[in-house]
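Remarks on the structure that follows.
Read-outs: derived from the displayed coordinates by stated rules, not from any lab. Please read these numbers as outputs of a predicted model, since none were measured by experiment. Cβ atoms come from the backbone with ideal geometry, glycine included; neighbour counts cover every protein chain shown.
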Amino acid sequence: MNITLRQHDIVDLARQGGFLSVEMLAEHFSVTPQTIRRDINTLCDANLLRRRRGGAEYVEAPRLNLPYDSRRIIHPLAKQAIGALVAGMIPNGASVSFGIGTTPEFVALAMQGHADLTVVTNNLNVAMALSVARANRIILPGGALRLPDRDMLGPHVEEMFGNYRVDVAIFGVGGIEPDGTLVDFDRAEVLARAAMLESCRRSVLVADVSKLGRPAPARGGRLDDVDLVVLDAPPPAEFADLLGREAMAGRLRVATQGAGP
């Protein structure tokens, strides 16, 4: 499922303003109310908005992550820019571990032209993206597939990451708090990420700026545990000091649309 640019803008407006009426949106975008109602139906079906009488509102779910396919269509251009920048940092023949989430998948998609990779991942979306190159070696854990996310979590995942020492670990995060604490939606996600960090030569956190200040219940690790942070835009004011220090230390990169290495 893909959303249109107008639908993407509707979600952004709802995130900023809460409830949006059909009439206001129709006037804002110079389209008919019927068109806006179809947009709202699409966005509600994707769990990005919630219907209310006369319009819709943004879904606030700080303790429950959105379904994978819904997250995948949020900020796609930002994730593509991050993917392109990170892919340009990784040479052919590298060993790379990938965590769960949509932004690591976008990095994998940007690396489909790479060859002779050793890929260690619990993210089936990443594995499928990089399986197009027959010379790649892809290592997956055993266990049950978590649906609809198409990933795996648990002690067997942590053991798998611990059994390999990769050149680069690429992972996302549920949220980053203003003091630099990393948070996720499940303790198992935190433990898998910790195993990745302990088993790599260089760690890369990939996140669009919507993750800055986003709450999630499971805490684990801090921003200064990571070797490189890649965002899609400059951080907001409340993160300027924290990420300014990261930038001065050479540990922050900002991707833009069309960015390369």
> If the chain between R50 and F29 were fully stretched, how many nm would it gain, using 0.36 nm times the residue separation less the Cα-Cα distance?
Replying inline: 5.6 nm
> In angstroms, what radius of gyration and Dmax does region 151-261 have, counting Cα atoms only?
Replying inline: 13.9, 40
> Under the Karplus relation 6.51 cos²θ - 1.76 cosθ + 1.60, θ = phi - 60°, what is the ordered set of whole-Hz ³J(HN,Hα) values for region 14-20, x standing for Gly and Pro?
Replying inline: 5, 5, 7, x, x, 6, 10
>> Please report the projected area of region 5-60's Cα convex hull averaged over all directions, in nm².
In response: 3.2
> Can you list the residues, at least 5 places off or on another chain, whose amide H is less than 5 Å from the amide H of I138, using H built in the peptide plane?
Replying inline: V119
>> Through the Karplus equation 6.51 cos²θ - 1.76 cosθ + 1.60, θ set to phi - 60°, convert the phi angles of region 110-119 into ³J(HN,Hα) values in whole Hz; use x for Gly and Pro.
In response: 6, 9, 5, x, 6, 9, 6, 7, 9, 10
> If you place +1 on the Cβ of every Lys and Arg and -1 on the Cβ of every Asp and Glu, how big does the dipole about the Cα centre of region 70-254 come out, in debye to the nearest 20?
Replying inline: 400
> If you wrap a convex hull around the Cα atoms of the chain, how much volume per residue is inside, in Å³?
Replying inline: 126
> If the chain between R187 and V132 were fully stretched, how many nm would it gain, using 0.36 nm times the residue separation less the Cα-Cα distance?
Replying inline: 16.6 nm
>> Going by average Cβ density within 10 Å per residue, which order do the peptides 201-211, 129-139, 76-86 take, highest to lowest?
In response: 76-86, 201-211, 129-139
> With labels modelled as points extended 7 Å from the Cα through the Cβ direction, what inter-label distance (nm, one decimal) is found for D241 paired with A115?
Replying inline: 5.1
